[in-house]
Amino acid sequence: MYEGAIQDLIDELGRLPGVGPKSAQRIAFHILSADPADVNRLATALRRVKELVRFCTTCFNVAESEQCRICRDPRRTNEVVCVVEEPKDVAVIERTGEFRGRYHVLGGAINPLEGIGPDNLRIRELMARLGTGEVRELILATDPNTEGEATATYLALMVKPMGIAVTRLASGLPVGGDLEYADEITLGRAFEGRRAV
Ligand SMILES: [Zn+2]
């Protein structure tokens, strides 16, 4: 549609999740007319995220050192681990202020249609963590959709024989959706009202 750099930018933006062709065009023209200092800050942020951010070696949350901020926090308990699909879910749960334990980020959910099985997720690493005997409760906070439920069921079957309490967030979460679409109050309640599975 356009030529050269502006079309390249529209194409790149259009590849981002949730950005359709119209939005890509709008953002591209916004950047074109923006203050150069603002655009430089954006460019730097894009580069830095790839250079600096890595995954926590314990929980696989995003981190800027060996361990993430949450795993390094000595005030949090090791006795409760909350399993989530993605790092963004950690942020969602942290905003509720209801949870003082640790996390484990699976890196997705079981999805046979897309060829994602247990071996493609960080389940082996989770089992290793649980094997230390320190964890008393595992909270399954995978998304309230088919894949999230399948993953929770799979984990419950694996973990319950280890003598660890396994709980799932209470109902009230938007079914079929993503954890991130739940508001803080609903999610906080779902946390408090979690039930054994
Ligand atoms: Zn961590």
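The values are calculated or read from the model by the stated rules, or taken from the named source; none is laboratory data. In this text the structure is predicted, and so the values were computed from the model without any measurement. Positions of Cβ are generated from backbone atoms using ideal geometry, with glycine treated the same way; all protein chains shown enter the neighbour counts. These accessible areas exclude ligands, DNA and RNA; they are computed on the full protein's heavy atoms, side chains included. Shrake-Rupley method; radii C 1.70, N 1.55, O 1.52, S 1.80 Å.
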- Message: Contact list please: Cβ distance under 7 Å, first residue in the stretch 67-78 and at pLDDT 95 or above, second residue exposed (fewer than 14 other Cβ atoms within 10 Å of the Cβ), pairs at least six apart or on different chains.
- Response: Q67/T57; R76/R100; T77/R100; N78/E134
- Item | Selection from the stretch 94-105 of residues that are within 11 Å of the ligand (Cβ to nearest atom) and among the hydrophobic types (A, V, I, L, M, F, W, C) | V105
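Could you list, in sequence order, all residues of the stretch 31-50 that are closer than 30 Å to C68 by Cα and open to solvent by 80 Å² or more (accessible area, probe 1.4 Å)?
N40, R41, L42, L46, R47, R48, K50
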- Which numbered condition A28 misses (of (1) open to solvent by less than 100 Å² (accessible area, probe 1.4 Å); (2) within 16 Å of the ligand (Cβ to nearest atom)): (2)
- Query: Taking into account only those residues within the stretch 70-93 that are farther than 26 Å from P118 by Cα and more than 12 Å from the ligand (Cβ to nearest atom), which is most open to solvent (accessible area, probe 1.4 Å)?
  - Reply: R75
- Scanning the stretch 121-147 for residues that are touching a Gly at 6+ places or on another chain (Cβ under 7 Å) and surrounded by fewer than 21 Cβ atoms within 10 Å (Cβ to Cβ), the one modelled with the highest pLDDT turns out to be R122
- Item | I116, sole failed condition from (1) within 13 Å of the ligand (Cβ to nearest atom); (2) buried (at least 16 other Cβ atoms within 10 Å of the Cβ) | (1)
- Item | Of the criteria (1) within 16 Å of the ligand (Cβ to nearest atom); (2) under 15 Å from the mean Cα position of the chain (by Cα); (3) open to solvent by less than 30 Å² (accessible area, probe 1.4 Å), which one G108 fails | (1)
- Query: Where residues in the stretch 51-69 are more than 10 Å from the ligand (Cβ to nearest atom) and not in a loop (DSSP other than H, G, I, E, B), which of them is surrounded by the most Cβ atoms within 10 Å (Cβ to Cβ)?
  - Reply: R54
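Out of the stretch 139-170, which residues are among the polar types (S, T, N, Q) and either within 14 Å of V83 (Cβ to Cβ) or under 16 Å from the mean Cα position of the chain (by Cα) (or both)?
Matches in the stretch 139-170: T142, N145, T151, T153, T167.
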